Amino acid sequence: MKKYGFGLAVLIMSIIVTFISYPYLPEQIAVHWNYKGVPDDFDHKSFGLFLFPGIMFVLYLLTIVLPKIDPKKSNFQRFQGPYFRIMNGILFFLFLVQLVQITSGLGIVNPKYVVPELVGILFIFIGNLSPKFKPNYFVGIRTPWTLANEEVWKKTHRFGGKVFVITGLLQLLVPFVPAAIQAALVFSIIIICLILIVVSSYYFFIKL
């Protein structure tokens, strides 16, 4: 059970923070912000405040279940450490985004300056762990070519890890560019990242 402990602790913290902050937040809280950091979608706090804990609960359950149902389940034993680090890292990222949502609702934090930084750190975190992933159907870069050949999987994840780190570093710069181009910049960075990774997996496959 130790391997599930960190994720469970983060989930419990998320629930505690939710109940503590509930009385202090306005009836309507933001659940989405535009590129200027201005809220453009609201929900009643009885739903919006429990959104992230709900997502985290589902992810925590998936962390437990996925290694048991994957057709390549034996491979999970080969990268058990990186698997739990990546799933726990995403859980912690969601918890931090929830804190941004709460502090934004209290008028303390502007998500425009915080969320891109969190996303950038998440990309860098995933990029560093990516080369350690072993073939499976749920975690990692899953294209027809990576799933067809383990050598292609290895090369794609080594290359993809570097692309993710560079993408993350570029994301860290987003709050410092003019607000009018932030959304386009983020979209462009992510699309280029995905294209590079997919094309690389095909390239490594045809070069076998």
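Where a number appears in this text, it was derived from the coordinates with a stated rule and is not lab data. Just so you know, these numbers come straight off a predicted model, no measurement behind them. Quick reminder, even Gly has a Cβ in these numbers, built from the backbone with ideal geometry, and neighbours come from all protein chains shown.
Taken along the Cα-to-beta-carbon direction at a fixed 7 Å, the label points for residue 61 and residue 4 span 1.2 nm. For the stretch 129-163, the set of trypsin sites (Lys or Arg not before Pro) satisfying both a DSSP loop assignment and a count of at most 11 other C-beta atoms within 10 Å is empty. Using the Karplus relation 6.51 cos²θ - 1.76 cosθ + 1.60 with θ = phi - 60°, the per-residue 3J(HN,Hα) values for the stretch 49-54 come to 6, 9, 5, 5, x, x Hz, with x marking Gly and Pro. What does the charge count near residue 31 come to, summing +1 for each Lys or Arg and -1 for each Asp or Glu among other residues with Cβ under 13 Å from its Cβ? Residues close to residue 31 contribute a combined charge of -2.
Once the Cα atoms are used to define both axes, helix 80-105 deviates from the longest principal axis of the chain by about 20 degrees. Sites listed here are trypsin sites (Lys or Arg not before Pro) in the stretch 36-76 whose DSSP assignment is loop and whose Cβ has at most 15 other Cβ atoms within 10 Å: 36, 72. Enter the angle in degrees (range 0 to 90, nearest 10) between the Cα long axis of helix 111-129 and the first principal axis of the Cα atoms of the chain, meaning the one along which they spread out most. Approximately 20 degrees, to the nearest ten. Given the alternatives (i) 101, 16, 10; (ii) 33, 23, 12; (iii) 48, 16, 12, semi-axes √(5λ) of the Cα gyration tensor in Å as computed for this entry is given by (ii). Given the rule -39500 (n - 2.57) for each run of at least 4 DSSP H residues, summed and divided by the residues of the chain, what is its mean residue ellipticity at 222 nm, to the nearest 500 deg cm²/dmol? Helix-only estimate at 222 nm: -23500 deg cm²/dmol. Between residue 42 and 31, the built amide H atoms are under 5 Å apart, and every one of these is 5 or more places off in sequence or on another chain.
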